[in-house]
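Everything on this sheet refers to the single structure shown next.
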Amino acid sequence: MVSASLQFWSWIAPTPISHRYTHKFASLTSLKLATPVSSTNTVYLPKPLVVRFALTESDSPKSIEPDPQTLLQEIADSFDLPSDYFSKLPGDLRLDLNDAAFDLSNGPVLDECGQELGETLLNLSRAWELADTSTSHSLVKKLPLIEAKLTGYAKSALGKRLVSAGRRFQSMGQYGQGELQKIAKAMIAAGRVLTASSTSAVIVEEPKEEARVLKFGELQVEVTPDKANIGAVIGFLFGILCWQIARGVQNVPDSSLQYANDNALLLAKSLKGALLAIFYSSTFLSAFTSVGLVLLGLQLKSKKNKD
């Protein structure tokens with residue numbers, strides 16, 4: 001009887017908490033504690049899961065930033081093409097290549113990127129315009145070495161130019177074995193990294209004064225208050241000269257010259273009218289140009305004084 005009673009109580013007795021709830025509590029996150037079953041028993045998640053979670057976060061790809069010099073080297077590798085590759089491009093792709101050259105060297109490139117990098121970009125854009133593949137490759141190979149010497153402002157300017165020119169290559173579409181798309185991908189990736197990595201440096205660094213530049217082909221002329229005033233004086237003198245010539249042509253009487261026939265007379269009158277129209281229009285244009293240059297000089301001067 002006693003043995004039967006002991007068997008009955010052992011059968012209905014609750015299973016120990018360490019056996020019944022171990023699997024349940026092990027599935028909880030590391031930040032939660034198991035609810036204590038009694039005043040003496042509290043179950044925690046084992047520490048190995050916490051360590052494994054920390055290692056997973058540290059190995060995340062987002063914490064790894066690409067090296068700008070490595071990306072610039074990828075650009076150099078993408079330009080390792082046959083020497084006649086650019087010269088064999090179709091006409092529409094050659095126009096896109098010229099647009100990429102313009103985006104790469106547009107504006108005050110020497111002021112924004114520095115002397116060494118600026119000259120390299122100008123020579124590179126000229127090589128693209130001439131469809132010189134070999135020169136392009138040799139110039140692009142210099143970019144990783146030059147990048148190490150750049151300041152934050154110059155890096156940002158280089159990054160923006162690379163992204164803009166890379167989008168031109170991207171618009172060319174698939175050609176050949178996809179070389180142009182490889183160039184576009186490498187340039188855009190490097191440009192974005194350079195721009196992002198130098199954002200804080202650009203904010204801290206004092207921004208340079210924005211200069212107005214007039215571009216005539218390869219010639220770039222920076223507009224300053226003194227140059228604007230000199231241009232206004234030249235325009236004014238040219239307008240006076242055109243006015244005097246127009247008055248002189250107008251004062252010539254038709255009867256003072258002898259003509260062979262009526263056709264010659266009509267031709268002379270037509271020529272006289274054309275000359276008057278040219279010189280009078282030149283006079284008015286010179287006057288408007290002089291006034292505009294004077295106003296531009298005053299605007300640049302006032303802006304310089306405020307800075």
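Tabulated data for the structure shown
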| quantity | calculated |
| --- | --- |
| Tally of residues being surrounded by fewer than 17 Cβ atoms within 10 Å (Cβ to Cβ) and either basic (K, R) or touching a helix residue (DSSP H, G or I) at 6+ places or on another chain (Cβ under 6 Å) (or both) across the stretch 274-289 | 2 |
| All helices (runs of 4 or more DSSP H) inside the stretch 77-192 with 2 or more residues being in contact (Cβ under 8 Å) with a residue 60 or more places away in the chain and among the acidic types (D, E) | 91-105, 109-113 |
| Residue check for S282: within 53 Å of the chain's Cα centre (by Cα), farther than 30 Å from N106 by Cα and not in a loop (DSSP other than H, G, I, E, B) | yes |
| Within the stretch 121-134, tally of residues that are among the β-branched types (V, I, T) and surrounded by fewer than 17 Cβ atoms within 10 Å (Cβ to Cβ) | 0 |
| Lone qualifier among G152, G166, G91 - being within 19 Å of the chain's Cα centre (by Cα) and either surrounded by fewer than 19 Cβ atoms within 10 Å (Cβ to Cβ) or at pLDDT below 90 (or both) | G152 |
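Residue by residue, here is whether (1) under 13 Å from A232 (Cα atoms); (2) assigned by TED's automatic domain parsing to the domain that holds V233; (3) of a type in the set (A, V, I, L, M, F, W, C) holds:
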{"site": "A246", "(1), (2), (3)": "no, yes, yes"}
{"site": "V249", "(1), (2), (3)": "no, yes, yes"}
{"site": "D254", "(1), (2), (3)": "no, yes, no"}
{"site": "Q258", "(1), (2), (3)": "no, yes, no"}
{"site": "L267", "(1), (2), (3)": "no, yes, yes"}
{"site": "A277", "(1), (2), (3)": "no, yes, yes"}
{"site": "S282", "(1), (2), (3)": "no, yes, no"}
{"site": "V291", "(1), (2), (3)": "yes, yes, yes"}
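The values are calculated or read from the model by the stated rules, or taken from the named source; none is laboratory data. Small disclaimer: the values here were computed from a predicted structure and weren't measured. With ideal geometry, Cβ positions are generated from the backbone for all residues, glycine too; neighbour counts draw on all protein chains shown.
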